[in-house]
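The values are calculated or read from the model by the stated rules, or taken from the named source; none is laboratory data. Because the structure is a prediction, the values reported are computed rather than measured. Cβ sites come from the backbone with ideal geometry, for glycine too, and all protein chains shown count toward neighbours. Keep in mind that these areas ignore ligands, DNA and RNA; they rest on the heavy atoms of the full protein, side chains included. Shrake-Rupley method; radii C 1.70, N 1.55, O 1.52, S 1.80 Å.
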Amino acid sequence: MIDTVLFNHTVVVISRDWLNEEVFILTCSCPPGFQSQAGQYVSIMFGGEAREYTLLSPPEASVLRFLIKRIEGGKLSGALGDCAPGTVFNISKAKGYLTYRSPDRPVFFVATGVGIAPFVAMVAAGVTGFTLIHGARTVSGLFYRRELIAAAKRYIPCVSGTFDAETAVPDLQQRHVTQYIERHLQPGLYDFYLCGSRTMITDMTHLLDQRCPDARIYSEAYS
Ligand SMILES: Cc1cc2nc3c(=O)[nH]c(=O)nc-3n(C[C@H](O)[C@H](O)[C@H](O)COP(=O)(O)OP(=O)(O)OC[C@H]3O[C@@H](n4cnc5c(N)ncnc54)[C@H](O)[C@@H]3O)c2cc1C
């Protein structure tokens, strides 16, 4: 049973732009008085269903943007993928704790798929100087690569599927993000921010617990 009182902001769809056959950016109006921090998410209620989606846009933006993967048979991602400009739906206030803390240690962001969204918002809000391990199935799924490379101290793209040997992406790794960390991370004190599939977050947390037991880990699992 959804508590509709919690969905107290109304937004209007401005545009829907497909980045590939399964991922799109949904741009909506920003309701008056809406407040957020980069890295937070909202619950979207549409057609009687409610799900969480991370804000891709930074807090000071005049619109709200979301990076959404259309799930095969998925109720809300499917409905949002079909909705036309002018469609109205409700959202909750911004929630969540995957927000950037002022660091006293090296910072690692690790993202897979649309889990890059909170880091895109942080970069748009001015965060720089991190190492980003960015995972996707294909090079074309490494969304916002240019903006992320510009802000990162180090950017490591990890592609788990096959790629053309000619693909001109510096440092491209053909492995999962966890395999990269397993091979390359030296024991030490770090702040880790993880976002993406629950499997990645579970595997990465176990790995960090063994390799770097004093690392601070902040995470958001999407499935
Ligand atoms: C805090 C938080 C933030 C999130 N932010 C985003 C975001 O920014 N962008 C985004 O695209 N999603 C995000 N998600 C996931 C999102 O909330 C939904 O779970 C997702 O869109 C699927 O909802 P659905 O209604 O389409 O599918 P459902 O109708 O709920 O599920 C349909 C089927 O698909 C399976 N399924 C559900 N999710 C996935 C998945 N991710 N991969 C594969 N199979 C799945 C279900 O087990 C079920 O069998 C976030 C989740 C959380 C908890």
Projected label distance in nm at residue 154 and residue 5, using a 7 Å step from Cα toward the beta-carbon = 5.0
query = Taking only protein heavy atoms and a 1.4 Å probe, what accessible area per residue, in Å², does the stretch 107-221 have with all protein chains in place?
reply = 47
query = Counting DSSP beta bridges with both partners in the chain, what percentage is antiparallel, nearest 5?
reply = 55
note = Residues other than residue 210 with Cβ under 13 Å of its Cβ, Lys/Arg counted +1 and Asp/Glu -1, net out at -3
note = In Å, the C-alpha Rg and Dmax of the stretch 107-221 are 13.2, 40
request  = Would you work out what percent of the accessible area of the stretch 4-91, with all protein chains in place, is carbon or sulfur (probe 1.4 Å)?
outcome  = 50
ask   = Please state the Cα pair-distance histogram of the stretch 1-53 with 5 angstrom bins from zero: what percent is in each bin?
value = 4, 14, 22, 29, 20, 9, 3, 0
request  = Using just the helices of the chain, give the 222 nm mean residue ellipticity in deg cm²/dmol: DSSP H runs with n ≥ 4 each add -39,500 (n - 2.57), and the total is spread over all residues, rounded to 500.
outcome  = -5500 deg cm²/dmol
ask   = Quick one: if you stick a label point 7 Å off each Cα along the C-beta vector at residue 15 and residue 210, how many nm between them?
value = 4.7
message = I need the semi-axes of the equivalent ellipsoid of the chain: take the C-alpha gyration tensor, multiply each eigenvalue by 5, square-root it, list largest first in whole angstrom.
response = 30, 20, 16
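Test of understanding: what is the full-extension gain from residue 202 to residue 52, defined as 0.36 nm times their sequence separation minus their Cα-Cα distance?
Result for the pair: 52.0 nm of gain on full extension.
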message = If I stretch the segment between residue 60 and residue 72 completely, what's the gain in nm (0.36 nm per residue apart, minus their alpha carbon distance), one decimal?
response = 1.0 nm
Choice from 188, 81, 196 showing the highest fluctuation, given a GNM over the chain with Cα pairs closer than 10 Å = 188
ask   = With the calculation restricted to Cα positions, what are the radius of gyration and Dmax of the stretch 9-109 in angstrom?
value = 14.2, 45
